[in-house]
Amino acid sequence: MVLALLLPLLLAHPAAPQNLEEQLELFLRWFPGEYDNHEQVFRARAKGEKPHEHLHHIFAPVELPAVGEHVFYVQQSFPEEGGRIYRQRLYRFTPNRERQAIQLTIFSFPDDQAMVDAHLHPEKLARLDPSTLRSIPGCEVYWHFTGEYFEGRMDEGACSFISPRSGKRITIHDDLKLTAEEIWIRDVARDEEGNLVFGDPEREHHKNRKVLYYDGWAAVKRAGPAASAEDRDWIGMRGLRLHNEGDRIRLKTEAGEPLPWEIQLARLTYEQTQVPVFTLRVLEAESGRLIGYAWAEPGAKRLGINLGWLQAGFTLKASDPHFGFR
């Protein structure tokens, strides 16, 4: 009787991994995906505070046996700057038994531009000569499992290089946290005089959530909000895809001409209620002004809106939901 009562609890809370191999297995289940810190930025702006940079991260597993068994292509970008990429790397994860940690070795490419969107074009990585990859000794990140999440850190003062711009030695320290749904990142760099180059050790981490992708459609009356109820001049759009962490898409005519409105999916927690919700928002494209929205529970599989002159519906992508490209 007691076992029967405890079994659902045991299944809901499986035993924590006890050894390094089990920890690596769990880490490799949690880590892959796309992440975004949209809500962190949204909430800071709503309170009139200086926000963190809005960042989007892709951590895509790739097959590169010459580099290692557990290898990821990494692409990090600024969504509010047209998706401008600011960093591309290869990550290799290996068990480090001496430290009882998961070791992350970071490789940079000889030509970043040649590797753009390599997660979409595996032939780019297939042509890559592993001997041209660069890693800086001392810049390894060591991940330890706390029993609830993974903490990742570089050895203090070990990761440094000479900046080609300033000619000064730059020292970097990474401080990270990984859960099943989030990765928190705090990168801090100082020059040899101790001046801050980037990052801020006093500010909180960039808190990035793993995104979910939704496929959908939209229909809008050509006359927009001024359209009458009898107006039947609709513009239909299908094959739309958005993720749920602030992703936006411009609505367009059949000829591909942009309309004045955007649709956005976003998980948000409003200051007035402190209740997390999943929203489908209609915005003015140029000003970003909110026109209307619908909401549901975070993680809802379907969400739609009907404003009379505009209708839209989105459904959770059926397979591999943490990647938009599969």
Which of (1) in the same structural domain as residue 33 (by TED's automatic domain parsing); (2) farther than 30 Å from residue 17 by Cα; (3) surrounded by 11 or more Cβ atoms within 10 Å (Cβ to Cβ) does residue 167 not meet, given it meets every other one? (3)
Those residues that are outside any strand (DSSP E or B) and within 23 Å of the chain's Cα centre (by Cα), I need them from region 147-158; list them, please. 148, 149
In region 185-224, the residues that are small (Gly, Ala, Ser), under 30 Å from residue 259 (Cα atoms) and not in a loop (DSSP other than H, G, I, E, B): 216, 218, 219, 224
Is it the case, given these coordinates, that residue 267 is crowded, with 20+ Cβ neighbours inside 10 Å, modelled with pLDDT of 95 or more, in the same structural domain as residue 299 (by TED's automatic domain parsing) and among the charged types (D, E, K, R)? yes
Could you please find all residues in region 271-291 being touching a Leu at 6+ places or on another chain (Cβ under 7 Å), β-branched (Val, Ile, Thr) and either assigned by TED's automatic domain parsing to the domain that holds residue 38 or farther than 14 Å from residue 42 by Cα (or both)? 282, 291
Surrounded by fewer than 19 Cβ atoms within 10 Å (Cβ to Cβ), more than 16 Å from residue 46 (Cβ to Cβ) and in contact (Cβ under 8 Å) with a residue 40 or more places away in the chain: does that describe residue 308? yes
Options 188, 197: the member that is under 30 Å from residue 158 (Cα atoms) and without any contact (Cβ under 8 Å) to a residue 24 or more places away in the chain: 188
Residue 170 being part of a strand (DSSP E or B), without any contact (Cβ under 8 Å) to a residue 40 or more places away in the chain, within 21 Å of residue 290 (Cα to Cα) and touching a strand residue (DSSP E or B) at 6+ places or on another chain (Cβ under 7 Å): no
In region 28-86, anything part of a loop (DSSP other than H, G, I, E, B), of a type in the set (Asp, Glu) and farther than 28 Å from residue 132 by Cβ is listed as 49, 53
Can you confirm whether residue 254 is outside the structural domain of residue 162 (by TED's automatic domain parsing) and more than 17 Å from residue 304 (Cβ to Cβ)? yes
Just checking, does region 118-137 include any residue being part of a loop (DSSP other than H, G, I, E, B) and at positive phi? no
Lone unmet requirement of (1) out of contact with any helix residue (DSSP H, G or I) (no Cβ under 8 Å at 6 or more places or on another chain); (2) of a type outside the set (Val, Ile, Thr); (3) on the phi > 0 side of the Ramachandran plot; (4) touching a residue at least 40 places away in the same chain (Cβ under 8 Å) for residue 214: (3)
Might you let me know whether region 174-184 holds any residue that is more than 22 Å from the chain's Cα centre (by Cα), outside any loop (DSSP other than H, G, I, E, B) and touching a residue at least 24 places away in the same chain (Cβ under 8 Å)? no
Can you confirm whether region 271-289 contains a residue that is among the charged types (D, E, K, R) and within 20 Å of residue 181 (Cα to Cα)? no
So how many residues does region 227-257 have that are touching a residue at least 24 places away in the same chain (Cβ under 8 Å), exposed (fewer than 12 other Cβ atoms within 10 Å of the Cβ) and not in a loop (DSSP other than H, G, I, E, B)? 1
Would you point out which residue out of 88, 76 is touching a Lys or Arg at 6+ places or on another chain (Cβ under 7 Å) and free of Cβ contacts under 8 Å to residues at least 40 places away in the same chain? 76
Could you grab me the full set of residues in region 267-326 that are under 30 Å from residue 223 (Cα atoms) and part of a loop (DSSP other than H, G, I, E, B)? 285, 286, 287, 288, 289, 307, 308, 309
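The values are calculated or read from the model by the stated rules, or taken from the named source; none is laboratory data. These numbers were taken from a predicted model, which means no experiment stands behind them. Every residue, glycine among them, receives a Cβ derived from its backbone with ideal geometry; neighbour counts consider all protein chains shown.
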